[in-house]
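The values are calculated or read from the model by the stated rules, or taken from the named source; none is laboratory data. A quick note: this is a predicted structure, and the numbers were derived from the prediction, not measured. Positions of Cβ are backbone-derived with ideal geometry, glycine not excepted, and every protein chain shown enters the neighbour counts.
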Amino acid sequence: MARKDYPQTPDGRYFVAKGRLWRRTDPRLDEAERRAAVKALMQARRAVGQATSEAEERAARDAVDAAKHRLGERGPVWWEDGAPDEGGRHPRNSSYADWWAGLSEEARNRAE
């Protein structure tokens, strides 16, 4: 599957998809750790779809969450300047509103 060219905030903390800010992977992770976490995430996502009981599904969803934490996409923010996590917000309702307004219509459409 081709990766979509989602707009990324100038500070590299988020990308915009489905009209929301999504936290990017912690860029400080070394390549081996990042690959291991992505592999664990993909395995856990497959397990969610293959679960045959509520308990299996819950365990798989917990594994997805753990992998997302390892990647820095959930949990405590990975940046150190004290800025809050704005994940889940529409960019126009965040500190990125000016950046969002300045994007081309084509770029904003890629994010919807």
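Restricting segment 53-97 to residues that are within 24 Å of P27 (Cα to Cα), acidic (D, E) and assigned to a helix (DSSP H, G or I) leaves a set whose member that is nearest to the chain's Cα centre (by Cα) is D65. Of all the numbered requirements in (1) more than 25 Å from H90 (Cβ to Cβ); (2) exposed (fewer than 15 other Cβ atoms within 10 Å of the Cβ), A60 misses one, and that requirement is (2).
The conditions of being under 22 Å from T9 (Cβ atoms), at pLDDT 95 or above and out of contact with any Gly (no Cβ under 7 Å at 6 or more places or on another chain) are met by V38. Examine segment 8-31 for a residue that is more than 24 Å from A111 (Cβ to Cβ) and under 13 Å from the mean Cα position of the chain (by Cα), and state whether such a residue exists. So far as segment 8-31 goes, no, none of its residues is more than 24 Å from A111 (Cβ to Cβ) and under 13 Å from the mean Cα position of the chain (by Cα).
Taking segment 53-97 as the range and being touching a Phe, Trp or Tyr at 6+ places or on another chain (Cβ under 8 Å) and without any contact (Cβ under 8 Å) to a residue 12 or more places away in the chain as the test, only R92 passes. Return yes when L29 is surrounded by 15 or more Cβ atoms within 10 Å (Cβ to Cβ) and in a loop (DSSP other than H, G, I, E, B) and no when it is not. Criteria met by L29.
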